[in-house]
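Visitor: Just passing along the structure, written as structure tokens.
The values are calculated or read from the model by the stated rules, or taken from the named source; none is laboratory data. Keep in mind the model is a prediction, meaning the values are calculated, not measured. Neighbour counts are summed over all protein chains in view; Cβ atoms, including those assigned to glycine, are modelled from backbone coordinates with ideal geometry. For accessibility, only protein heavy atoms count, side chains too; no ligands or nucleic acids. Shrake-Rupley method; radii C 1.70, N 1.55, O 1.52, S 1.80 Å.
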There are 2 protein chains.
Amino acid sequence: MRIGYLGPEASFTHYAVKSVFINEEYIAFPTIPDCLEALAEKKVDRAVVPLENALEGSVPITVDYLFHDVDLHITAELISPIEQHLMVHPDHEHEWQDVSRIMSHSHALAQCHKYLYYRFRGVTLEPSTSTSAAAQYVSAHPEENIAAIGNALAADTYGLTVVEENIHDFHFNHTRFVVLTSELETELLPFEHDAEKTTLMVTLPSDDRPGALHQVLSAFSWRQLSLSKIESRPLKTGLGNYFFIIDVERPVDGILMQGAIEELEALGCTVKVLGSYKKHMLLPQK
Amino acid sequence: MRIGYLGPEASFTHYAVKSVFINEEYIAFPTIPDCLEALAEKKVDRAVVPLENALEGSVPITVDYLFHDVDLHITAELISPIEQHLMVHPDHEHEWQDVSRIMSHSHALAQCHKYLYYRFRGVTLEPSTSTSAAAQYVSAHPEENIAAIGNALAADTYGLTVVEENIHDFHFNHTRFVVLTSELETELLPFEHDAEKTTLMVTLPSDDRPGALHQVLSAFSWRQLSLSKIESRPLKTGLGNYFFIIDVERPVDGILMQGAIEELEALGCTVKVLGSYKKHMLLPQK
């Protein structure tokens, strides 16, 4: 099977993919849209991309691309601990406190904001396209005393020395990765998992009357269908117009779920079932 | 009055600040936390930062910093049209279709994703700390055939030539900027505005029972208090724990609003009134 993932090599997504898909062909893509388009065009059989981080919230480009641009489905969820480390070229192992620049993906920089604010105030923070791209750059430029923030796999892959571990501001930092396919089906991975849940994308009626969202929640509430997440995203038709991503703690094929979805549609909502799938917890990297 | 804003010079925020605060002292800050901290420490009298974009959604660092880190209040809202242009150094005006790199803030790159995908596929997209930093870099490197994406003010300020106008994928692109103070008060700017509205930050009871959000919405719904926005953000205590930002189309001091807030608190919710303020629409740049 060909598994597309958000690269480059040694990204957090790469680690998640390697943890559950053993002996498959891994194909890295430079951006989330590239990865999703490859699946839509059947150049890969699965696409794995980040959907939500416990600190930063949803990954907007993933959510928006799944809503606006492609017709794909979540078939499994992978939850991976995210541990950010400060790493330098081995040549600078003893002078890392004097680095002139720190590079990483903007989300990783944000996740370590307090650490950087108190320990490296005034040092230039440079956004890169990914944490592993930052590690790769540091590895290729031993002449500069600079640091990258990233994961243990990236330090290993690019031969960097981790000089401070776990510099992210909040513990409990996890990222939800989703495995996507072109069909609405549930992936059976040979790992422990929780009960199946369903992700819906709901657009309110276009007259957008006050209280419509309250009505939507009522359809779940009176059936005692628990929502583990509700989030709004812009419809891109103007400020103040949103669609909602709703996670319900039930598989989609139950009679209560089917009843709720039919009722929402009767109220004038548009409902897309993004997936009905199981959650897998991954172990930390080493 | 000292007005702190998210810089650097010629940023979209700078344009918003210049539109409503005339003959005041403007002070640019390199990051949103720096700008908010300066207000908290009374080094400035107002802070102006972006809160939400019509395409990208909320600016996570603004929302999260206001919830977790500082006790500040929204005193006015500025809504500015966002128009992204492709610009190059005048030396490369006639060969811009062969640029080797395109630089901009990651949000601006995302806002022009389709344009870039179809017109410049394969060209390196390089994230910068702001659209104006990208323009400044292009201006300072005439030896490279590279482009920046940014606003008209940045092209003017850094002497670049706009080679394609309005390359953002969706029209109706606006950003909501907020004017913040340390006190809960309403700013009276001498400009046309809409009726006053209120922004609340609501945390559900810690037992987080199913249906709690439905109850919260009921408190507004049965009083016919219209919500123009509801959004969840991570509490940073683990995946699945959120707080909610709710915009209500009423000033905070009305009897119905006070009743709703008291009821939410009686239900065990924590409610922070982030502000009760008026909305000002700004004109497009030139």
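Visitor: Restricting to region B:79-109, and then to whatever is under 26 Å from B:HIS280 (Cβ atoms) and not in a loop (DSSP other than H, G, I, E, B), can you tell me which residue is modelled with the highest pLDDT?
Guide: Here the residue is B:HIS85.
Visitor: Moving on to the next point. Which one of A:ALA38, A:ALA28, A:ALA54 is buried (at least 23 other Cβ atoms within 10 Å of the Cβ) and touching a strand residue (DSSP E or B) at 6+ places or on another chain (Cβ under 9 Å)?
Guide: It is A:ALA54.
Visitor: Here is a check on your reading of the model: is A:GLU83 surrounded by 18 or more Cβ atoms within 10 Å (Cβ to Cβ), within 14 Å of another protein chain (Cβ to nearest Cβ), among the acidic types (Asp, Glu) and at negative phi? Before the answer, list the steps.
Guide: On the way: surrounded by 18 or more Cβ atoms within 10 Å (Cβ to Cβ): yes; within 14 Å of another protein chain (Cβ to nearest Cβ): no; among the acidic types (Asp, Glu): yes; at negative phi: yes.
Criteria not met by A:GLU83.
Visitor: Among the listed residues A:VAL138, A:VAL63, A:VAL162, A:VAL70, which satisfies the condition of being over 21 Å from the mean Cα position of the chain (by Cα) and open to solvent by less than 20 Å² (accessible area, probe 1.4 Å)?
Guide: A:VAL138
Visitor: Might you check whether a residue that is assigned to a strand (DSSP E or B) and more than 11 Å from the chain's Cα centre (by Cα) occurs anywhere in region A:43-59? Let's see the steps before the verdict.
Guide: Keep residues of region A:43-59 that are assigned to a strand (DSSP E or B), which gives A:46-53, A:57-58.
From the residues that got through so far, the ones that are more than 11 Å from the chain's Cα centre (by Cα) too are A:46-47.
Yes, that holds for at least one residue.
Visitor: Please state which of the following conditions A:ILE3 fails to meet, knowing it meets all the rest: (1) under 30 Å from B:HIS68 (Cα atoms); (2) within 19 Å of the chain's Cα centre (by Cα); (3) among the β-branched types (Val, Ile, Thr).
Guide: Only one criterion is unmet by A:ILE3, namely (1).
Visitor: Here is a list: A:HIS168, A:HIS141. Which entry is more than 13 Å from chain B (Cβ to nearest Cβ) and of a type outside the set (Ser, Thr, Tyr)?
Guide: Numbers: A:HIS168 fails: more than 13 Å from chain B (Cβ to nearest Cβ).
Of the residues listed, the single one that is more than 13 Å from chain B (Cβ to nearest Cβ) and of a type outside the set (Ser, Thr, Tyr) is A:HIS141.
One line per residue, one yes/no per condition, for (1) among the hydroxyl-bearing types (Ser, Thr, Tyr); (2) open to solvent by less than 60 Å² (accessible area, probe 1.4 Å); (3) more than 10 Å from chain B (Cβ to nearest Cβ); (4) in contact with a Pro (Cβ under 6 Å, 6 or more places away or on another chain):
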| site | (1), (2), (3), (4) |
| --- | --- |
| A:PRO205 | no, yes, yes, no |
| A:GLN215 | no, no, no, no |
| A:SER221 | yes, yes, no, no |
| A:LYS236 | no, yes, no, no |
| A:LEU239 | no, yes, no, no |
| A:GLU249 | no, no, no, no |
| A:GLU262 | no, no, yes, no |
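Visitor: Restricting attention to region B:264-278, report how many residues are under 28 Å from the mean Cα position of the chain (by Cα) and open to solvent by 60 Å² or more (accessible area, probe 1.4 Å).
Guide: 1
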